[in-house]
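Data first, discussion second: the structure below is written as structure tokens.
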Amino acid sequence: MPERFEDLAYILHKRAYKESSYIIDLFTREQGVVSVVAKGAKSNKSKFYLNLQLFNMLDVAYSGRSELMTLVQADVNRSTSIAGQKNIFCGYYINELLLRLLHKHDQHPQLFDSYKQIVFALAEVDKPEPLLRRFEKTLLDEIGYGADFTCTVDGRALEDELMYVVSPGEGVMAAAPGQRSELLVSGKSLLAFAADDFSDEKTQLETKKLMRRILQHYLGDRPLKSRDLFAKTAGN
């Protein structure tokens, strides 16, 4: 008998499969990223037809023994409507990060809860950048690539007025006098980042550049489609 799983889930991505179905990448609370086929879901007579929308939290059931499971149930637990092109693109962005950086079937229940919180918040906020920085930091911590932004790798507490270099995989190091680096950040911004304080515009700008460089290190050479889409439409 094939195994059956029941879980909370969000849709990260769906693509057409054959004439009437979809292959869907789910982010589930207990099983991590799972790929399922939703048979016949394109038909308006399908029980899945109205429910398989991005950013809806779903009660799902799926079964099988292979890497591609079969979706059995997908009921809306909580519907979330994200308004505004910028926030929608932010949602696409975090979905793509999860697909690119998580291994399938790795359990990340705390990351799932963080994802749920940012999706709810994207439906309400006008300035999503602090939400993205917090989620990026949480994601890196969850997959083992996080850094302590309060001290250097040799244990020295950061100082507001000094400059530091954050090296992916190593951590925070004091910058040499006159050193130039794309990963150069002020101690003030790093400490604010660690405290989830984005009230200062310089902190917002520096941490955005920092996280972009760090994530690119782990993402590799293939660019994020969501970032390209945002750049083309919003000039960011």
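Read-outs: derived from the displayed coordinates by stated rules, not from any lab. The structure presented is a predicted model; accordingly, all values stated were derived computationally and were not measured. In this analysis, Cβ positions are derived from the backbone assuming ideal geometry, glycine residues included, and neighbour counts consider all displayed protein chains.
Take the chain, connect every pair of alpha-carbon atoms lying under 10 Å apart with a spring to form a Gaussian network, then pick out the residue of 144, 64, 32 with the largest mean-square fluctuation.
144
Based on the alpha carbons, how large is the Rg to Rh ratio for the chain when Rh follows Kirkwood?
1.03
Using a 10 Å cut-off on Cβ atoms, rank the peptides 45-51, 7-13, 199-205, 97-103 from the highest mean neighbour count down.
Per-residue mean Cβ counts within 10 Å order the peptides as 7-13, 97-103, 45-51, 199-205.
At residue 228 and residue 45, where each label point lies 7 Å from the Cα along Cα→Cβ, what is the point-to-point distance in nanometres?
Roughly 3.9 nm, to one decimal.
Can you tell which of 125, 35, 205 lies farthest toward the positive end of the dipole of the chain, using +1 and -1 charges on the Cβ of basic and acidic side chains (Lys, Arg; Asp, Glu)?
The residue sitting farthest along the positive end of the dipole is 35.
Going 7 Å from the Cα of residue 216 toward and past its Cβ, which residues in region 182-200 have a backbone nitrogen under 13 Å from where you end up?
Residues passing the 13 Å test: 182-184.
Work out from phi, with θ = phi - 60° and the Karplus expression 6.51 cos²θ - 1.76 cosθ + 1.60, the ³J(HN,Hα) of each residue of region 87-101, listed in order in whole Hz, and give x for Gly and Pro.
So the Karplus estimates, Gly and Pro as x, are 5, 5, 5, 4, x, 4, 4, 5, 4, 5, 4, 5, 5, 7, 9 Hz.
For residue 14, which lysines qualify as cross-link partners when the Cα separation must be under 18 Å and same-chain residues fewer than eight apart are set aside?
39, 42, 47, 104, 225
Which percent of the Cα-Cα distances in region 32-135 go past 15 Å?
Counting every Cα pair in region 32-135, those more than 15 Å apart make up 68 percent.
Once every DSSP H run of n ≥ 4 in the chain is given -39500 (n - 2.57) and the sum is divided by its residues, what mean residue ellipticity at 222 nm do you get, rounded to the nearest 500 deg cm²/dmol?
Per the formula, -11000 deg cm²/dmol.
Modelling each spin label as a point 7 Å along the Cα-to-Cβ direction, I'd like the residue 100/residue 17 distance in nm, to one decimal.
2.4 nm
By its C-alpha gyration tensor, with a ≥ b ≥ c as the square roots of the eigenvalues, how is region 85-133 shaped: rounded for a/c under 1.5, else prolate for a/b larger than b/c, else oblate?
Judged from the Cα gyration tensor, region 85-133 comes out prolate (a/c at least 1.5, a/b above b/c).
What is the ratio of the Cα radius of gyration of region 3-78 to 2.2 N^0.38 Å, with N the residue count, to two decimals?
0.96
With a point put 7 Å past each Cα toward its Cβ, work out how far residue 151 is from residue 83 in nm, to one decimal.
Simple spin-label model gives 4.6 nm for this pair.
Put +1 on the Cβ of every Lys and Arg and -1 on every Asp and Glu Cβ in the chain; which of 76, 17, 215 then has its Cα farthest towards the positive end of the dipole?
Most positive-ward Cα: 17.
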